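Below is one structure, written out as structure tokens; comments come after it.
Where a number appears in this text, it was derived from the coordinates with a stated rule and is not lab data. As the structure is a computational prediction, the values presented were derived from the model and not from experiment. Note: ideal-geometry Cβ built from the backbone for every residue, glycine included; neighbour counts use all protein chains shown.
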Amino acid sequence: MIEYNKFMNQKSNSKYDLEDKLIEFAVRIIDLAEALPGTVASKNLGSQIVRSGTSPALNYAEAQSAESKNDFVHKMKICLKELRETLVCLKIILLKGYFKETKLAALLKENSELISIFVKSIQTAKNNAK
């Protein structure tokens, strides 16, 4: 992890980098999925949350190379959609009792914060496109 942190600090001088935040979120989602029990339902939820929880980082990277403002907005909307899906998966995992709320609280909070960031970013991009 030290090498990763060293790379991340070299990549961006800014204290806050959304791509880094999304990558770290994706890793935490993967860790959560790998810690789920081996039941049929939890395996399904684990697979789903890995797909939806890692997708925003990948789609955000694509958005950075968007071919137009409309393409950028479209890719950002995909990120938002996937984050909302991840939030629902986290809620199901919580309500099923696979983990205590204290273990999921930080992920739930971060997921909600990311949703807010993308909602605002999409609104700003739409306004700038006009």
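Taking every C-alpha pair closer than 8 Å and separated by at least 6 residues, the mean separation divided by the residue count of the chain gives a relative contact order of 22 percent.
The listed peptides 101-112, 45-56, ordered by packing as a protection proxy, come out as 45-56, 101-112 (highest mean of other Cβ atoms within 10 Å first).
Taking 25 Å as R0, compute the FRET efficiency from the Cβ-Cβ separation of Arg51 and Lys130 and round it to 0.05.
0.15
Rounded if a/c is under 1.5, else prolate if a/b is larger than b/c, else oblate: which is segment 30-86, with a ≥ b ≥ c the root eigenvalues of its Cα gyration tensor? Taking the square roots of the gyration eigenvalues as a ≥ b ≥ c, segment 30-86 is prolate.
Roughly how many debye, to the nearest 20, is the charge dipole of segment 70-130 about its Cα centre, given +1 on each Lys and Arg Cβ, -1 on each Asp and Glu Cβ, and no other charges?
So the magnitude is around 120 debye.
What the phi angles of segment 88-100 give under the Karplus curve with 6.51, -1.76 and 1.60, with θ = phi - 60°, is a coupling list of 5, 4, 4, 5, 5, 4, 5, 5, 6, x, 5, 9, 6 Hz, glycine and proline written as x. The tail of the calculated P(r) for segment 77-128 beyond 14 Å holds 56 percent of all Cα-Cα pairs. For the chain, the equivalent ellipsoid derived from the alpha-carbon gyration tensor has semi-axes of 27, 18, 13 Å in decreasing order.
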